[in-house]
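Asks: My questions all concern the structure below.
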Amino acid sequence: MNLPSHIAFILDGHRRWARANGKPALFGHQAGYDNFIDIATVCYDQGIKVVSAYAFSQKNWKRSQEEVGYLMRLFAKSFSHQRLEEIIKRGIRIIFVGRRSELSSKLVKKMEELEQKTKDYSNGILAILIDYDGRAEILDATKRLAESGQEPTEDNLRQMMWSSDIPDPDLIVRTSGEQRLSGFWLWGSSYSELAFIDKNWPDFNKDDLSQVLENFNSRERRYGGN
């Protein structure tokens, strides 16, 4: 089977899943994290090298203080969680993508520790996008390129991106029935295949993943030249 080298997930529908299951809205985020680890593990088992997830967008700061606070605590807890360590033990490199100025120093320290610990791991990549927005990434890269004095080429701009160490997504999967990218991988998604799933993220399972991958395998990818 022709598998994507990089599969990217927009993890959407946590609150809707919680409400549908008669649980507090915040409960959905914990369920979503647990499910992401399950799905990422299956991806690596099948030979996919890069898995990325849209964990927190810059627009998410507009949510209630209670929800944002809960998410930040969940991130801090998750980055020290045994289940993430199980992925790291596979030789998977952890990379965080996004601005860090609005995040707590404690959370940033943990992120940097994970990146430093895994920087030489070569069996795959887990990219977690936090405080991310594709337009902001391009804007920041443009500023850095201008400051560097380098010629403004596509390759030079790419090297200034937050995601410069990560290959472009071959396949982007969004759950919950929404059919838009919401600022996700704007530069890298130019030729990504897209899959929109009606299920909320905590209900997305390995059978759904198999269907998505089978669909990807059946597509003839075109890059504008044919």
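Computed from the coordinates by the stated procedures, all read-outs in this text should not be read as laboratory data. Small disclaimer: the values here were computed from a predicted structure and weren't measured. Here Cβ is always computed from backbone atoms with ideal geometry, including for glycine, and neighbour counts include all displayed protein chains.
Asks: Multiply the residue gap between K77 and R63 by 0.36 nm, knock off their C-alpha separation, and tell me the result in nm, one decimal place.
Replies: Working it through step by step, the gained length comes to 3.0 nm.
Asks: Let me ask something else. Relative contact order for region 151-226 using alpha-carbon pairs under 8 Å, separation at least 6, rounded to a whole percent?
Replies: About 29 percent, as a whole number.
Asks: Taking a ≥ b ≥ c as the square roots of the eigenvalues of the Cα gyration tensor of region 1-118, is the shape rounded (a/c under 1.5), prolate (a/b larger than b/c) or oblate?
Replies: oblate
Asks: Would you tally the net charge around L26, using a Cβ to Cβ cut-off of less than 12 Å, leaving L26 out, and scoring K and R as +1, D and E as -1?
Replies: My count for the surroundings of L26 gives +3.
Asks: Right, next: Around P4, with a cut-off of 13 angstrom between Cβ atoms, what is the net charge of the other residues, counting Lys and Arg +1 and Asp and Glu -1?
Replies: -1
Asks: What order do you get for 179-191, 143-155 when each peptide is scored by the mean count of other beta carbon atoms within 10 Å, highest first?
Replies: 179-191, 143-155
Asks: Here's something else I'd like to know. Give me the net charge of I92's neighbourhood, meaning all other residues with Cβ under 10 Å from the Cβ of I92; Lys, Arg count +1, Asp, Glu -1.
Replies: In short, +3.
Asks: Further, regarding this structure: Mind listing the long-range amide H neighbours of L194? Cut-off is under 5 Å, sequence gap 5 or more, other chains count too, H placed in the peptide plane at 1.01 Å from N.
Replies: Distant-sequence amide H within range of L194: I172.
Asks: Rounded, prolate or oblate for region 113-222? Axes are the square roots of the Cα gyration tensor eigenvalues, ordered a ≥ b ≥ c, and the cut-off for rounded is a/c under 1.5.
Replies: prolate
Asks: Another question about this same structure. Name the residue farthest towards the positive end of the dipole of the chain from the options M111, P169, I92, assuming +1 on Cβ of Lys and Arg, -1 on Cβ of Asp and Glu, about the Cα centre.
Replies: M111
Asks: Moving on. Which FRET efficiency value, to the nearest 0.05, is calculated for K23 and E102 with the Förster distance at 41 angstrom and r the Cβ-Cβ distance?
Replies: Using R0 = 41 Å, I get an efficiency of 0.90.
Asks: Report the Rg/Rh value for the chain, based on alpha-carbon coordinates and the Kirkwood definition of Rh.
Replies: Result for the chain is an Rg/Rh of 0.95.
Asks: I need F196, F9 ordered by Cβ neighbour count within 10 Å, fewest first.
Replies: By the 10 Å Cβ count, ascending, the order reads F196, F9.
Asks: Search the structure for amide H atoms under 5 Å from the amide H of I125, placed 1.01 Å from N in the peptide plane, and list their residues when 5 or more places away or on another chain.
Replies: V50, V51, R93
Asks: Scan region 187-226 for GluC sites (Glu not before Pro) in coil per DSSP, keeping those whose Cβ has at most 11 other Cβ atoms within 10 Å, and list them by number.
Replies: Taking region 187-226 and a limit of 11 other Cβ atoms within 10 Å, the loop GluC sites (Glu not before Pro) found are E220.
Asks: Between R158 and V42, what is 0.36 nm times their sequence separation minus the Cα-Cα distance? Round to one decimal in nm.
Replies: Full extension from R158 to V42 adds 38.8 nm.
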